[in-house]
Every structure is written in structure tokens, then in C-alpha cells.
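Notes to accompany the following structure.
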Amino acid sequence: MTPARVLLIYTGGTLGMGANPETGALEPLDFSHLVSRIPELDAIPVAVDVFQFPQPIDSSDMNPQLWARLVEIIVAHYDDHDGFVILHGTDTMAFTASALSFMLENLTKPVILTGSQLPINQLRTDGRENLITSIEIAAARHPDGRPRVPEVCIYFSGKLLRGNRSTKINSEGFNAFDSFNFPHLADAGVTIVYHDDLILRPDYARPMKPHYVMDPSVVVFTLFPGMPESTVRHLLATPGLRGIVMRTYGSGNAPQLPWLMDILREATARGIVIINTTQCAAGPVQMARYSGGFLLKNAGVISGYDGTVECAIAKLMHLLGHTTDSALIRERMSRPLCGEITPVTA
Ligand code: ASP
């Protein structure tokens, strides 16, 4: 086999940041600064090409236009690369990974997002290992030449996670990500142990199909005890609103308030798609378990099952960007498109 060729796409994030001499705050620097800090890049047996965002960003500034730009870059380099590594800030990495998993339909090559908690120019940086192992994973192939991990993933601190199952869990520890409702796709210690049975198998007879349009007309609505009716009415009356990700209690539960159910029923009747996700980090939504959840179901709210909030937002934006048929969106939200949820019949 010829050596693998990987495209490294640098968007910004802490890994490539340095301190502003006046304020001391971290800000993105360009990629040349970064390469000089990782001489090991020259030593790995993989051909690495680099594409850098003209203006590297803090990932808090990520948006659907930049997601579409990432898709364009991947499409333009798809045929001459075996895999892709995206260097990205950790703050919105789980959103970007989720979005790309839907925007790159039938992905047949690895797209690995990574970053770090400490800049690469700091002695104790976690960036070097995250970057080098990500490149190794993006380049990994089966003996028949097919990629080992043909899906959008996050690699961080020894764990390879399905991108649309991941969540940022720690703003300080190196162990910044996990996927509580789905096992790791690989664990990197002395060797990288791939859990092949969990990794998606695309249809290699079909091409990868890129999608560029996302409709961000969605809102995240977190339940809390005592929420005022007027606030909820106001939120759901937002002009142009098409989708709601509700962060409910526990296994998809909500207060049994007649006004709340009425508002949700009216919104559903107007074609707004409402997804029930839980405020818990782990465990699925089971709407038939308590009467509050059951009432939500009767009001037209659909289960987000064991999916993350980040993923529900990205999937809704993707589906809303492609159709105005809310019945179709509801049907697609209820089944996995690329391993993002595990539906159960309850
Ligand atoms: N604020 C940074 C970002 O998301 C944090 C990081 O990279 O870890 O770009």
C-alpha cells in the first residue's frame, strides 16, 4: 500500500493559540507557528497536507456557514486524500462533529476532529498527542485498503468517540470529551485498540453526498421549576421558529401544566418540530415512563431517545434546511441517519 495521505484542516482553537502580549488572553495564531512546535509531524509515516482557515477562530465563533466551508474543503480534497483531521476549538467541537456527520452523507473516509486544552507552545500541552494520534487514526486502513474509521469522530485524550454522540464534559481537565450513551470507537494506550464492530460501515458503491444547507431557525428550551408561562409563550412565538430542542427532566419528564401542554400542542399544529432531550448527561428519554413525559408525547413532542442536545440541534438544522415537510422531519428525527440515536419502542 502507498503511504496514506491526510489533509489537516486548521480552524483555530486553543491548540494553536498564544497569549496576547497586552491582555494576556489567548487568541488564535496561524498554522506556521504551530508546525514549528511539533517537529514529530515530519517523522510520522503519513503524507500530511495542510489547509488553514484564512482567519483562525476561537470555536465560539463557529457557525453553519463555516460548517459548509469545511464541507467544501473536504469535497475539494476528497479524492486525493485518505482521511481528514480538523483542528478545532473544544468549545463547539461536538456541534461541528454532529453537523458534519449529517452534512457528509455516506462518508467513506475518516474525518477526525481534535484540539487541546493547553496551547501547543506550553510544556504540558495535550495538543501534541491529540494531533499525532488523530493523524494516525485518519490514516489507518484495513488490509484491503479500506479506512478503519470511515465516520466523523472526535479524538481526545486517548478516546475515539463518534462525533454525533460526543459532548464536552470538562472545561479544564485533559479528559474534555465523552460519549455517555455510546461506547468509544477506539481507545489509545500503548496501542490503538479499535472496536470495529461499533464503527459505521458506509456503502462503498455509492459516492459520499455532501450537504451544505442548514436552517438555524431552532431554539433550545431548558425546563426549570417555576418557569413563567409568559416567558414560554414568548419563546414559542418567536417569528420564523421551526424547531425546538426541549431539555426535559430525567427520562424525558416535564411538569404536568395544562398551559404548557396547550402551548406545545399549538406549536406542533403550526408545524414546529419539538424534540425531547434530557438534561441528564447519560441515559435515554423514555416518554412513556412518567405521566409528564406521556403528556408531552400527546402534545406532539417527539423523543430524542439517547441523543445529545448538540446532535439534536445539528440534525434539526440539517433536516429543516432540506424540507418544509414537518411530517418527514419528524420521521427522520425518529430514526438514526448515521448512528446518532438508538430508538426504542416506548
Ligand atoms: N475557546 C477555545 C475554543 O473553543 C477553547 C478550546 O479550544 O479548547 O476555541
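Brief remarks on what is shown
- Single unsatisfied condition, residue 330 versus (1) closer than 19 Å to residue 99 by Cα; (2) assigned to a loop (DSSP other than H, G, I, E, B): (2)
- Members of the range 189-248 that are outside any loop (DSSP other than H, G, I, E, B), of a type in the set (Gly, Ala, Ser) and within 28 Å of residue 322 (Cβ to Cβ): 243
- Of all residues in the range 80-97, exactly one satisfies the criterion of being within 15 Å of the ligand (Cβ to nearest atom), over 26 Å from residue 333 (Cβ atoms) and either under 12 Å from the mean Cα position of the chain (by Cα) or surrounded by fewer than 24 Cβ atoms within 10 Å (Cβ to Cβ) (or both), namely 90.
- For the range 44-65, a residue qualifies if it is surrounded by fewer than 17 Cβ atoms within 10 Å (Cβ to Cβ), within 15 Å of the ligand (Cβ to nearest atom) and either among the small types (Gly, Ala, Ser) or closer than 23 Å to residue 310 by Cβ (or both), and the qualifying residues are 60, 61, 63.
- Every residue from the range 273-305 that is surrounded by 21 or more Cβ atoms within 10 Å (Cβ to Cβ), part of a loop (DSSP other than H, G, I, E, B) and among the hydrophobic types (A, V, I, L, M, F, W, C): 285, 287, 301
Residue-by-condition table, conditions (1) within 14 Å of the ligand (Cβ to nearest atom); (2) among the acidic types (Asp, Glu):
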site: 109; (1), (2): no, no
site: 119; (1), (2): yes, no
site: 123; (1), (2): no, no
site: 126; (1), (2): yes, yes
site: 130; (1), (2): yes, no
site: 135; (1), (2): no, no
site: 138; (1), (2): no, no
site: 147; (1), (2): no, no
site: 150; (1), (2): no, no
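- Close pairs (7 angstrom Cβ cut-off, 6 or more residues apart or separate chains): more than 23 Å from residue 209 (Cβ to Cβ) in the range 86-110, among the aromatic types (Phe, Trp, Tyr) and more than 11 Å from the ligand (Cβ to nearest atom) anywhere: 87/10
- All of 34, 26, 100, 41 fail the test of being of a type in the set (A, V, I, L, M, F, W, C), modelled with pLDDT under 95 and more than 15 Å from the ligand (Cβ to nearest atom), apart from 41.
- Look at the range 216-239: where a residue is farther than 20 Å from residue 318 by Cα and a partner is basic (Lys, Arg), sitting 6+ places away or on another chain with Cβ atoms under 8 Å, you get 222/247; 223/247.
- Filter result for residue 308 (at pLDDT 95 or above and surrounded by fewer than 19 Cβ atoms within 10 Å (Cβ to Cβ)): no
- Qualifying residue in the range 164-183 (condition: in contact with a His (Cβ under 9 Å, 6 or more places away or on another chain), under 20 Å from residue 85 (Cα atoms) and either buried (at least 23 other Cβ atoms within 10 Å of the Cβ) or polar (S, T, N, Q) (or both)): no
The values are calculated or read from the model by the stated rules, or taken from the named source; none is laboratory data. All values reported here derive from a predicted model rather than from experimental measurement. All Cβ positions, glycine included, derive from the backbone under ideal geometry; neighbour counts span all protein chains shown.
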